[in-house]
Amino acid sequence: MGIKSFIGRRAKPQKGFSEKIKVSDYMTRNLTTFRPEQSILEVMEVLLKKRISGGPVVNDKNELVGIISEGDCMKQLSDSRYHNHPMEDVKVEQHMIKNVDTIDGDMNVLDAANKFLESKHRRFPILENGKLAGQISQSDVLRAAMKLKGQNW
């Protein structure tokens with residue numbers, strides 16, 4: 001017998017307001033960024049001070065080279081304590097995520113919502129001409145959805 005899934009006929013998307021809502025309209029452009037040579041302790045201080053959960057890591061050409069998060073910092077705290085190593089000399093580049101998923105600034109915000117659901121990421125950087133242009137978060141997508149308020153999903 002097995003499990004059967006029913007998916008009804010899908011209506012063709014209608015051209016409307018929601019198609020015009022692009023990621024670039026809602027992304028944050030004024031970002032807190034980090035450098036590969038910064039210490040993890042500095043990053044922790046900035047994350048706490050600015051009440052953010054992570055941020056992009058860029059080189060001196062503003063090219064994205066990674067992402068560092070609270071979780072990365074907490075892992076380093078745990079490792080340092082376990083191995084009894086001081087954290088003063090631990091650098092971002094040693095613990096950042098280097099394989100970073102990005103999305104296109106021209107993508108529809110509702111399509112970006114699906115990317116968040118599929119990936120479980122909390123943020124996506126947006127590049128323009130190879131340089132970091134901004135970042136979109138889950139709350140940015142929710143803000144865009146509130147603007148739509150269910151019209152023309």
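Once the range 48-107 is narrowed to residues that are more than 21 Å from HIS121 (Cβ to Cβ) and among the aliphatic types (A, V, I, L, M), the residue that is modelled with the highest pLDDT is LEU48. Collect the residues in the range 104-146 that are over 15 Å from GLY55 (Cβ atoms), touching a Phe, Trp or Tyr at 6+ places or on another chain (Cβ under 8 Å) and in contact (Cβ under 8 Å) with a residue 40 or more places away in the chain, keeping them in residue-number order. VAL109, LEU110, ALA112, VAL141, ARG143, ALA144, listed by residue number.
Please specify each residue of the range 45-65 satisfying the condition of being assigned to a loop (DSSP other than H, G, I, E, B), closer than 12 Å to THR32 by Cβ and touching a residue at least 24 places away in the same chain (Cβ under 8 Å). The one that is assigned to a loop (DSSP other than H, G, I, E, B), closer than 12 Å to THR32 by Cβ and touching a residue at least 24 places away in the same chain (Cβ under 8 Å): SER53.
The values are calculated or read from the model by the stated rules, or taken from the named source; none is laboratory data. All values reported here derive from a predicted model rather than from experimental measurement. All Cβ positions, glycine included, derive from the backbone under ideal geometry; neighbour counts span all protein chains shown.
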